[in-house]
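Written below as structure tokens is the structure these notes are about.
Only the coordinates and a few stated rules stand behind these numbers; no lab work does. Since this is a predicted model, take the numbers as computed values, not measurements. All Cβ positions, glycine included, derive from the backbone under ideal geometry; neighbour counts span all protein chains shown.
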Amino acid sequence: MQRITVDPRVRWGTPCLRDTGTSVAHVVALDRAGLSLDRILDACPELTVSDVDAALEWYACLGDGGLGPQPPEPGVRHPRIAVDPEVQGGYPVIAGTRITVDAVLGLWEEGLSVEQILDEFPDLDLADIEDAVAYDTDASA
């Protein structure tokens, strides 16, 4: 299982195959859909047979719980961020909402102003947005 990487700076720690960016969950989904090894490799040309084997072995050992993200705990430094496997599949969210940190960051990275983000998410306030950006910065460090 040396081919599996779990890095909180990449896709919130979602288990991926090497440096391909292809998640173990994606390979498992293709396998569950009944695709043969050859068809999985056709769908994911960046993978090797050993990668697919490693993904399926990972899943055999860890089950569904081993497929999701493993973001860092927000802790006291980020009181407005929550991580709960039962909310949005375990991706970091603004506490008390189902709004993911990624949703906020996506708008921020597209160049929207704080006011425009607040228009998109009227349940949030400035401190929520600031904490989402700070949490992402800390997780990427």
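Some values worked out for this structure:
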quantity: Residue-count net charge about residue 78 - beta-carbon cut-off 11 Å; Lys, Arg +1, Asp, Glu -1; calculated: -4
quantity: Geometric extent, Cα atoms of the chain - Rg, Dmax (angstrom); calculated: 17.2, 49
quantity: Trypsin sites (Lys or Arg not before Pro) within segment 1-83, DSSP loop, no more than 16 other Cβ atoms inside 10 Å; calculated: 9, 18, 77
quantity: At most 16 other Cβ within 10 Å, DSSP loop - GluC sites (Glu not before Pro), segment 46-141; calculated: 46, 86, 110
quantity: Nearest-ten-degree value, helix 49-62 long axis tilted from longest Cα axis of the chain; calculated: 60
quantity: Segment 119-141 and segment 5-43: distance between their alpha carbon centers, rounded to Å; calculated: 28
quantity: Gyration tensor (Cα) of segment 55-131, equivalent ellipsoid semi-axes in angstrom; calculated: 29, 14, 10
quantity: Total formal charge among the other residues, if their Cβ is under 13 angstrom from that of residue 7, Lys/Arg +1 and Asp/Glu -1; calculated: +2
quantity: Segment 58-74-segment 82-117 distance, computed between alpha-carbon centres (Å); calculated: 20
quantity: Prolate/oblate/rounded label for segment 4-66 (Cα gyration tensor, a/c 1.5); calculated: oblate
quantity: Distance in nm between pseudo-label sites at residue 19 and residue 38 (7 Å out along the Cβ direction from Cα); calculated: 3.2
quantity: Amide hydrogen neighbours beyond the local backbone of residue 4, cut-off 5 Å, H modeled; calculated: 18
